[in-house]
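Remarks on the structure that follows.
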Amino acid sequence: MNTRQAIRSTNDFVIKFANINGSGSASANELFARAIMRMGVTVSPRNIFPSNIQGMPTWYEMRVSGEGWLARRGGCDMMVAMNPQTWDRDVAELAPGGYLVYDSTKMLPRSKFRDDITVIGIPLTEMCNRDYTDVRQRQLVRNIMYVGALVALLDIDLADTERLVSEQYRGKDKLIDANVRALRLGHDYAREHFSCPLGLRVERADAVGDRIFIDGNSACGLGAVYGGATVAGWYPITPSTSVVEAFGSYCRKFRTDPDSGKARYAIAQAEDELAAIGMVIGAGWNGARAFTATSGPGISLMQEFLGLAYFAEIPAVIYDVQRGGPSTGMPTRTQQSDLLACAYASHGDTRHVLLFPEDPYECFTLGAQAFDLAERLQTPVFVMLDLDIGMNERLCRPFDWDDSRRYDRGKLLTHADLEAGKEFGRYLDVDGDGIPYRTIPGTHPTKGAYFTRGTTRNPYAKYSEAGTDYVYNMERLRRKFDTAKTLVPAPVLTKASAPTRIGAICYGSTGPAMAEAIALLEDDGIHVDTLRVRAFPFSDEVMDFIAAHDHVFVVEQNESAQLRTMLINEGEITPKKLVRVLHYDGTPITARFIAGRIADELVAFKVSTLEPHANPLRKVAP
Amino acid sequence: MTYLAKPKLLRADTPRNALGYTRRDYEGAISTLCAGCGHDSISASIVQACFDLDIEPHRVAKLSGIGCSSKTPDYFLGNSHGFNSVHGRMPSVLTGAALANRTLLYLGVSGDGDSASIGIGQFAHAMRRGVNMTYIVENNGVYGLTKGQFSATADKGSKNKKGVVNADSPIDLAALALQLGATYVARSFSGDKEQLVPLIKGALHHRGPAFIDVISPCVTFNNHTGSTKSYDYVREHNAAVNRLDVILPKAQIEASYPPGSLRRVVQHDGSILHLRKVGVDYDPSDRIGAMNHLQERHALGEIVTGLLYVDSSGDDMHAHLNTVEKPLNQLGDAYLCPGSSALAALNASLR
Ligand SMILES: Cc1ncc(C[n+]2csc(CCOP(=O)(O)OP(=O)(O)O)c2C)c(N)n1
Ligand code: SF4
Ligand SMILES: [Mg+2]
């Protein structure tokens, strides 16, 4: 380290762990993240992993942000390089002045290093081999050992970290002992050999509050439990698999009948996504709340059934954890590229309700609300999350639930209603909101039975090929979709600190990067109002927002500006007014990218408040 | 199944079952199938079986795919909820419905195209999973609704109406069902109601996947010479292994049979299957024997019918999943939602 000053920063840096997947590094890295959070400092970690089970490179990238930003920052200030396979690129990625932590058991030639970084070699393997006999344990404690070293190097509280180890292995004293010992070995070695702390350090703060740390897929699984789902049909696919796994484990905990030990839920692993959605539709038709979780390829397979559910008006909930498409695409990278495939899924004139959670908290709340909406509207409802929030743990508001809330089962005619002689036309618009009444099989011996089909029928569910019946039905479905606008979660408006004619729209996991980008722009005197859209169909607020601004940036994580297309299509917006800000290389979008693009575009529009030379955000690489 | 709208008034001597229902209470909309279509006779057999068994129509859920055969649920059990789903996918919809409410009777109706061509995957997996259902394939060897193309059950060498010979090997759905774990497997002929009605009854009283392959001639596209699914061909090559009578626990009638000619199978609900021997010695509790018998006779050009296999000790998907007795679709909020206190504890564990 001679040509550059070492980076100095407290509570604001990016640390990246380069590991080999299947080596048990994930839990050690997570422990490290939690140790920092215990110090009241905000972290946001992200797994970057291959579509492979063992032996391939993985990275765990963690942003520490004293200001509380949760989006990916980009760049790397410290690299913990534990994977020889990726050594060269990992070392190259480090910012000038950065820190390289590595296992120095084996000597490496000078040429393998850079002279503008600080190199911290710790003989991890040697220390493990000396102190641990079991081969598998050696590998696992090696990970904890580097965590111990980092605790010393970054000035993290050792006692807090030890407590975390005990919590993680509660009841397994032997494991606690082995891990705490490794933690201390790493810690003490770093203390002895390096001047701790480094220029990078963590300082106790109070930025975490009562927030919780969980991944979006688990939150969806929990949302399905709270939302009253009893039937899940699914087929495994990255990055959605853990939604149903989480549903299963929360169900075992919360939905096992205490007396009989029996399950108040049913999970069927289907033979493919066609069968998965078929089961959901069968269960929904029969009055159970049912869902599936999938990703792009599964959505493609479900198309015909989704059209049936739309046209036959059957509630269904689909969690789509989006990944990079098209085709198999980038199965372990994030994108928001299934919007059009879901919004207009299936042939013919279809429209579906989509919800866009921003973080695990909303995965839980919208994930539960989806069931009320599906039954109220008698239609499929898609919860559109993505790999970035689905498979990464994220700090978010603690979950809450109003115990006075009751499930909205929608317009269901009961035995008593039928007995009382209520007229029943399955596809009759009685209330003018486009939503008809339905009955559940088995309700009444002689009243309320009807025949469900995907073909045209009259309001009384009788087969019909009459154009008038078809048109009546399509107009009613249109009305129903208009009703949906008033029921779906409203968008979230964030006003700039000064009045502005510039707006930006984002959705889903882009939220945190958007908020940070706005702050960057404000620092630079650029004011932008933002609207985070939370659902399709778009409520009136969305169109009002567009009308109230001269230029509206639409920030998305896909290549073809899918939300923008939907806004233009549904709101009859002049396309020029909606400016694309698109990030789609599979990494989560960053604030620097958004702010840079917006600043650049504003220069191009010659928006008068801007001095181009005074704009340091221009030409910032994604 | 009903061809002509009938007068509403009933004669005083119209037969009624134990529930007080007449046969007409089990009928549905007027059939739109071709006159003489085998499928209509199957609908009539379903009506007869449900009437005889005193089944409350609203306790039945009838589901189908797409095809002439899959249209038929509209033509029987008008007081039952029905679901005409998408082509080849009835089994998954039925599975989901059965998960939602374990107390209804599930009747799946499909065609040979629906089940053996586009839907063979779903057919196979529903059998494997042990869904509690009666699954009837109305098998005519062609796609009736799309005008007579060969289906996957068409025999190799059989001719279509224009004389084109089918070169592909046939799929025997009954043989597949045996191999895949169905616990009640039968084959019958739409033209033989005496055989078919009891087979449907036995299936409706069976717990687990009950499959009936019913050869059901398509009079419009596959009833000519050279077809192996025509009325004439099936009559000439029908090789029944037994004749079934279903005796309900409440009916105490004991018919007398010559010694050695009868097998008795008691099902989980106490219903008794009386299997009368017809010619050959056939053991319907031997799955492998049944598979062999089907293959041997098929090689001789025979169509084996009757109750091919039954295992009355089997359980179903709900048993495998250990679900509660109460239907999942009837569990109230209190049984489903863990509430805010559970969340508080959960939040604490996530910090
Ligand atoms: C996805 C799809 N592909 C094709 C069709 C057209 N189609 C309708 S019925 C049918 C064949 C039905 O044959 P089968 O199940 O044997 O019934 P049958 O009419 O012979 O009773 C086909 C191919 C369809 N409805 N859906
Ligand atoms: S085309 Fe064939 S299968 Fe269809 S209704 Fe006519 S006879 Fe029956
Ligand atoms: Mg057919």
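The values are calculated or read from the model by the stated rules, or taken from the named source; none is laboratory data. Only a predicted model underlies this, so the values are computations on that prediction, with no experimental measurement involved. Reconstructed Cβ throughout: ideal geometry from the backbone, glycine too, with neighbour counts over all protein chains shown. Just so you know, the surface numbers come from the protein's heavy atoms only, side chains and all, with ligands and any DNA or RNA stripped out. Shrake-Rupley method; radii C 1.70, N 1.55, O 1.52, S 1.80 Å.
When you check residue A:469 against the structure, is it acidic (Asp, Glu), open to solvent by less than 20 Å² (accessible area, probe 1.4 Å) and not in a loop (DSSP other than H, G, I, E, B), yes or no?
no
Condition first: at the interface with chain A (Cβ under 9 Å from one of its Cβ atoms), in a helix (DSSP H, G or I) and surrounded by 24 or more Cβ atoms within 10 Å (Cβ to Cβ). Can you find one or more residues in the stretch B:73-86 that meet it?
Yes.
Name every residue in the stretch B:312-351 that is more than 10 Å from chain A (Cβ to nearest Cβ) and surrounded by 17 or more Cβ atoms within 10 Å (Cβ to Cβ), in order of residue number.
Once the filter is applied, which keeps residues that are more than 10 Å from chain A (Cβ to nearest Cβ) and surrounded by 17 or more Cβ atoms within 10 Å (Cβ to Cβ), the stretch B:312-351 yields B:312, B:314, B:316.
Within the stretch A:360-391, can you find the residues that are under 25 Å from residue A:41 (Cα atoms) and surrounded by fewer than 24 Cβ atoms within 10 Å (Cβ to Cβ)?
Of everything in the stretch A:360-391, just one residue is under 25 Å from residue A:41 (Cα atoms) and surrounded by fewer than 24 Cβ atoms within 10 Å (Cβ to Cβ), namely A:361.
Which of (1) within 8 Å of chain B (Cβ to nearest Cβ); (2) within 19 Å of residue A:353 (Cα to Cα) is the odd one out, the single condition residue A:283 does not satisfy?
Looking at each condition in turn, residue A:283 falls short on (2).
Being of a type outside the set (Val, Ile, Thr), part of a helix (DSSP H, G or I) and open to solvent by 30 Å² or more (accessible area, probe 1.4 Å) is true for just one of A:475, A:516. Which residue is that?
Of the residues listed, the single one that is of a type outside the set (Val, Ile, Thr), part of a helix (DSSP H, G or I) and open to solvent by 30 Å² or more (accessible area, probe 1.4 Å) is A:475.
List every residue pair whose Cβ atoms sit under 9 Å apart, with the two residues 6 or more apart in sequence or on different chains, where the first one lies in the stretch A:586-604 and is more than 23 Å from residue A:239 (Cβ to Cβ) and assigned by TED's automatic domain parsing to the domain that holds residue A:48 and the second, anywhere, is crowded, with 24+ Cβ neighbours inside 10 Å and at pLDDT below 95.
none
Could we say that residue A:144 is surrounded by fewer than 21 Cβ atoms within 10 Å (Cβ to Cβ) and either within 34 Å of the chain's Cα centre (by Cα) or in a strand (DSSP E or B) (or both) here?
No; evaluated as a whole, the condition is false for this residue.
Restricting the search to the stretch B:114-158, which residues are more than 11 Å from ligand 2 (Cβ to nearest atom), away from chain A (no Cβ under 14 Å) and open to solvent by 50 Å² or more (accessible area, probe 1.4 Å)?
Selection gives B:149, B:150, B:156.
Hey, can you tell me all the residues within the stretch A:433-446 that are modelled with pLDDT under 95 and either more than 14 Å from every other protein chain (Cβ to nearest Cβ) or open to solvent by 70 Å² or more (accessible area, probe 1.4 Å) (or both)?
A:446
Regarding the stretch B:170-186, can at least one residue be identified that is within 16 Å of ligand 2 (Cβ to nearest atom), in contact with a Ser or Thr (Cβ under 8 Å, 6 or more places away or on another chain) and touching a residue at least 24 places away in the same chain (Cβ under 8 Å)?
The answer is no, given that none of the residues of the stretch B:170-186 is within 16 Å of ligand 2 (Cβ to nearest atom), in contact with a Ser or Thr (Cβ under 8 Å, 6 or more places away or on another chain) and touching a residue at least 24 places away in the same chain (Cβ under 8 Å).
Restricting to the stretch B:326-351, what's the tally of residues that are of a type in the set (D, E, K, R) and in a helix (DSSP H, G or I)?
Residues in the stretch B:326-351 being of a type in the set (D, E, K, R) and in a helix (DSSP H, G or I): 1 in total.
Against the condition within 15 Å of ligand 1 (Cβ to nearest atom) and part of a loop (DSSP other than H, G, I, E, B), how does residue B:55 come out, does it pass?
no
Can residue A:282 be described as free of Cβ contacts under 8 Å to residues at least 12 places away in the same chain and surrounded by 19 or more Cβ atoms within 10 Å (Cβ to Cβ)?
Spelling it out, residue A:282 is indeed free of Cβ contacts under 8 Å to residues at least 12 places away in the same chain and surrounded by 19 or more Cβ atoms within 10 Å (Cβ to Cβ).
Would you list the helices (runs of 4 or more DSSP H) that sit entirely within the stretch A:288-405 and hold 3 or more residues that are over 26 Å from residue A:567 (Cβ atoms) and either in contact (Cβ under 8 Å) with a residue 24 or more places away in the chain or within 14 Å of the chain's Cα centre (by Cα) (or both)?
A:296-312, A:360-377
From the list A:419, A:423, which residue is outside the structural domain of residue A:308 (by TED's automatic domain parsing) and free of Cβ contacts under 8 Å to residues at least 12 places away in the same chain?
Just a single option satisfies the conditions, and that option is A:423.
Can you name the residue in the stretch B:87-113 that is within 16 Å of ligand 2 (Cβ to nearest atom) and open to solvent by less than 10 Å² (accessible area, probe 1.4 Å) and is also farthest from the chain's Cα centre (by Cα) among such residues?
So, considering only residues that are within 16 Å of ligand 2 (Cβ to nearest atom) and open to solvent by less than 10 Å² (accessible area, probe 1.4 Å), the one farthest from the chain's Cα centre (by Cα) is B:113.
Name the residues in the stretch A:235-275 that are within 16 Å of the chain's Cα centre (by Cα) and either part of a loop (DSSP other than H, G, I, E, B) or within 11 Å of chain B (Cβ to nearest Cβ) (or both), would you?
Residues satisfying the conditions are A:237, A:238, A:239, A:240.
Assess whether residue A:452 counts as being at pLDDT 95 or above, surrounded by 19 or more Cβ atoms within 10 Å (Cβ to Cβ) and not hydrophobic (A, V, I, L, M, F, W, C).
yes
With the condition kept exactly as written, say whether any residue in the stretch B:299-310 is assigned to a helix (DSSP H, G or I) and more than 14 Å from every other protein chain (Cβ to nearest Cβ).
Checked the stretch B:299-310: at least one residue is assigned to a helix (DSSP H, G or I) and more than 14 Å from every other protein chain (Cβ to nearest Cβ).
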